[in-house]
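One structure is given here, and the rest of the page talks about it.
The values are calculated or read from the model by the stated rules, or taken from the named source; none is laboratory data. Because the structure is a prediction, the values reported are computed rather than measured. Glycine also receives a Cβ, built like all others from the backbone with ideal geometry; neighbour counts cover every protein chain displayed. Accessible surface is based on the protein model in full, side chains and every heavy atom, while ligands, DNA and RNA are left aside. Shrake-Rupley method; radii C 1.70, N 1.55, O 1.52, S 1.80 Å.
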Amino acid sequence: MNVLEVDRLTKYYGKVRGVENLSFALEKGEIFGFIGPNGAGKTTTIRAILGLVFPTRGGARIFGEDCISQGHNIRRRIGYLPSEVFYYDQMKVMDLLLYSASFYGKDCRRRIHELSEAMELDLGRRIEELSYGNKKKVGIVQGLLHEPDLLLLDEPTSGLDPLMQRRFFELVLEENKRGATVFFSSHILSEVQHMCMRVGIMKDGNLIKIENIETMRQDNYKRVSLRTKGVATANLRLDGVTNLLQENHTVKFFYKGNIDSLLAALAALDLVDAVIEDPSLEEIFMHYYGPVTP
């Protein structure tokens, strides 16, 4: 069963492109990653799905209902965390969350306390006293307090320290185990690889590929940067090395293949330093659709 169906969704702001001709679907219980650089159209897509902006053409259905005409009913079953959160500064956190809960017609006090404890959020403080990271925690609790069936997360970890990011991921996975479907928008590839089952890649307002995350892991290059005492690249002429660049004692390249073979080749070099990391999203795009440069 599809929880979300997007059909030829197009949004223009005057003559300015937002997104164009997007079509995809999320199955019930799926965690779907939606990635792309800033300006790719991720937030516009989410806002159109929520009915916060009206499509120029096409549309979307959630739980089998139209997102515009049935938006009021649909939003009661959705949890939304925007990339930036804005609240009434004078309100206390608990009062704000209780006010939010009142829209769902259910008693969420126990859930609010559970989530706030997990995220180390002080319910007695006023919004104006909170840091950006703590305001983001308020948004997380607000998005989860009514136990939604669909979570729409737009750059959800910005402003959170690594510990809170991990807590947040744990909460999302708990919601998913409960049965919630998750739409996770991010420009951070490692987050998507950690959380998601499939990923849609956005670029310039277009959905250019939908990929199984396991396939993406297997097909991806690693970016390798080395500093050597001597100048020696002969041992790096192994299968899977591309775009090999060398300047003085610095060597950079991309590698795709058996990691043991790479490490064996590196062990034969007189290394000062070595960095092996995932490429950036832009480099992933170029890997799929053009040449890459380390």
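Computed per residue of the chain from DSSP H runs no shorter than four, each worth -39500 (n - 2.57), the mean residue ellipticity at 222 nm is -9500 deg cm²/dmol. Beta bridges per DSSP, both residues in the chain: antiparallel share near 70 percent. Placing a label point 7 Å from the Cα of N206 along the Cα-to-Cβ line, the residues of the range 47-78 whose backbone N sits under 20 Å from it are 56-59.
Scoring 192-198, 69-75 by mean Cβ neighbours within 10 Å over their residues and listing the highest first yields 192-198, 69-75.
A straight Cα-to-Cα reach below 26 Å connects K256 with the lysines K203, K209, K222, K229, residues fewer than 8 places away in its own chain not being considered. The calculated pair-distance distribution of the chain uses every alpha carbon pair, bins of 10 angstrom beginning at 0, and gives 6, 24, 28, 21, 13, 7, 1 percent. Among the listed pairs K42/K135; K28/K106; K137/K252, a Cα-Cα separation exceeding 32 Å is found for K137/K252. Assuming a ≥ b ≥ c are the square roots of the Cα gyration tensor eigenvalues, decide whether the range 109-155 counts as rounded (a/c under 1.5), prolate (otherwise, with a/b larger than b/c) or oblate. Judged from the Cα gyration tensor, the range 109-155 comes out oblate (a/c at least 1.5, b/c at or above a/b).
Residues of the chain were split at every exposed loop site, defined as GluC sites (Glu not before Pro) in a DSSP loop with at most 14 other C-beta atoms within 10 angstrom, and the longest piece left, sites excluded, is 121-294. For E147 and E5, the difference between the fully extended length at 0.36 nm per residue and the C-alpha to C-alpha distance is 49.0 nm. For the residues K252, K28, K177, a 1.4 Å probe over the protein chains yields an accessible-area ranking, largest first, of K177, K28, K252. Applying D = kT/(6 pi eta Rh) to the range 59-175, where Rh is the Kirkwood radius over alpha-carbon pairs, T corresponds to 4 °C and eta to 1.567 mPa s, the Stokes-Einstein value obtained is 88 µm²/s. The share of alpha-carbon pairs in the range 115-255 lying farther apart than 17 Å comes to 70%. Over the chain, accessible surface divided per residue gives 49 Å², non-protein components excluded, 1.4 Å probe. Once you order the gyration tensor axes a ≥ b ≥ c over the Cα atoms, which shape class does the range 7-70 get: rounded for a/c under 1.5, otherwise prolate or oblate by comparing a/b with b/c? Oblate. With a cut-off of 15 Å between beta carbons, the residues surrounding V241 carry a summed charge of +3, where Lys and Arg count +1 and Asp and Glu -1.
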